[in-house]
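Peer 1: Handing you a structure now.
The values are calculated or read from the model by the stated rules, or taken from the named source; none is laboratory data. What you are looking at is a predicted structure, and each value in this text was computed from that prediction instead of being measured. Neighbour counts are summed over all protein chains in view; Cβ atoms, including those assigned to glycine, are modelled from backbone coordinates with ideal geometry. Note: accessible area is taken over every heavy atom of the protein model, side chains too, but ligands, DNA and RNA are not part of it. Shrake-Rupley method; radii C 1.70, N 1.55, O 1.52, S 1.80 Å.
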Amino acid sequence: MMNQMVQLMKQLSSKLSPNVYTSAQAPSSAQQWSYVRQLQREIRRSDVLDLPLEKLPVVVFDLETSGFYPDQGDRILSIGAVKVVGLTIQEEETFYSVVHTDTVPPENILELTGLSVEELEAAPPLTSVLESFYAFIRHSTLVAHHASHEKAFMSHVTWQTMKLPFEHRVIDTSFLTKIVAPQELVTLDDCCAYYSIPVQNRHHALEDSLMTAKLWIAAIAAAREAGFETLRDIYVHLAHQRK
């Protein structure tokens, strides 16, 4: 059964496109939750800390949300992601979906994200999007800009929908930029400007993921030039800086 599940998830993830909403072609909730538990076991067995940075596989992702506080009712409106291996963006390996909501977000959020009420009403439900998203990311290490926001929402919705903890490793881009950039970089716009990354269609989940992926690659390249070979090297360096 598990082998059949894995094959089904692979088939699903291969069909995901930035131009098409994720579909409801997912297994039953019981099967999917079992699949996520299997992913969690794989996460605990895997260790990316000692992989060479130029070979490190990650999924860079972004969430657009109706606010900042998932425990106070703010919701995920869209999810975007792209796979990266070392210094290469896997341009054909992307994920994007708007998430259904019955609650109309504030007008300023609609303007910021470019989402419409009609899109949100017609989009797949959160459970379906999460199933497809987990199929896409599998047990990958995740990367996000200001990752605490993404991690808070993923932890909240994973528990609310599956009663499971969110156990994926999530790395904040500032983890790297703080050791390779001579100045403090805060916003994604600031980071992109520093690394000469074109900014377009901001606050679209997939477009922000692609810009963040370019930022991640630029920071990885700078880290390698500075003599860091693995994530563990960087963690150790940052730990010594805090002493």
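Peer 1: Using only C-alpha atoms and all pairs of different ones, pull out the Kirkwood radius for region 74-220 in Å with one decimal.
Peer 2: Details: mean 1/r = 0.0618 Å⁻¹.
Hydrodynamic radius (Kirkwood, Cα pairs) of region 74-220 is 16.2 Å.
Peer 1: To the nearest 10 square angstrom, what accessible area does SER97 show with a 1.4 Å probe?
Peer 2: Probe radius 1.4 Å; accessible area of SER97 about 0 Å².
Peer 1: Of the accessible area of region 173-243, with the probe set at 1.4 angstrom, what percent is carbon plus sulfur? Show your work: numbers first, answer last.
Peer 2: Numbers: 1770 of 3650 Å².
Carbon-and-sulfur percentage of accessible area, whole number: 48.
Peer 1: Could you work out how far the C-alpha centroid of region 58-105 sits from that of region 111-154, in angstrom?
Peer 2: Using only Cα atoms, the two centres lie 3 Å from each other.
Peer 1: Report the Cα-based extents of region 69-145 along its three principal axes, largest first, to the nearest Å.
Peer 2: For region 69-145, the Cα spread along each principal axis is 39, 24, 24 Å.
Peer 1: Mind checking which aspartates and glutamates have their Cα closer than 16 Å to the Cα of LYS163? Skip sequence neighbours fewer than 8 apart in that chain.
Peer 2: By straight Cα distance, LYS163 reaches ASP71, GLU131.
Peer 1: At a temperature of 25 °C and a viscosity of 0.890 mPa s, determine how fast region 127-179 diffuses translationally according to Stokes-Einstein, using the Kirkwood radius over alpha-carbon pairs as Rh; express D in µm²/s, rounded to the nearest whole number. Display every interim value, and only then the final one.
Peer 2: Values: Rh = 11.8 Å.
Rounded, D is 208 µm²/s.
Peer 1: Follow-up. Give me the one-decimal nm value for the distance between modelled label points at VAL199 and GLN160, 7 Å along each residue's Cα-to-Cβ direction.
Peer 2: Result: 3.0 nm between the two label points.
Peer 1: Bin all alpha-carbon pair distances of region 188-243 at 5 Å intervals from 0 and give each bin's fraction as a whole percent.
Peer 2: Histogram of Cα-Cα distances, whole percents per bin: 4, 18, 22, 17, 16, 13, 9, 2, 0.
Peer 1: Sticking with this structure for a sec: Past the 18 Å Cα-Cα mark, which pairs from LYS83/LYS214; LYS151/LYS214; LYS55/LYS151; LYS55/LYS214? All intermediate terms of the calculation are to be shown ahead of the outcome.
Peer 2: Details: LYS83/LYS214 11 Å; LYS151/LYS214 20 Å; LYS55/LYS151 24 Å; LYS55/LYS214 16 Å.
As for pairs spanning more than 18 Å Cα to Cα, those are LYS151/LYS214; LYS55/LYS151.
Peer 1: Could you do me a favour and compute the accessible area per residue for region 180-243, 1.4 Å probe, result in Å²? Walk me through the numbers before you get to the answer.
Peer 2: Working: 3420 Å² over 64 residues.
Solvent-accessible surface per residue comes out at 53 Å².
Peer 1: Solvent-accessible area of LYS151, probe 1.4 Å, all protein chains present, reported in Å² to the nearest ten, please.
Peer 2: 90 Å²
Peer 1: Subtracting the Cα-Cα distance from 0.36 nm times the residue separation, let me have the gained length for ASP50 to VAL117 in nm, one decimal.
Peer 2: Residue separation times 0.36 nm, minus the Cα-Cα distance, leaves 19.6 nm.
Peer 1: In square angstrom, rounded to the nearest 10, how much accessible surface does TYR69 have for a 1.4 Å probe?
Peer 2: Surface accessible to solvent at TYR69 totals approximately 120 Å².
Peer 1: Starting from the residue with the highest accessible area, list SER66, SER196 in decreasing order, probe 1.4 Å.
Peer 2: Details: SER66 20, SER196 100 Å².
In descending accessible area the options line up as SER196, SER66.
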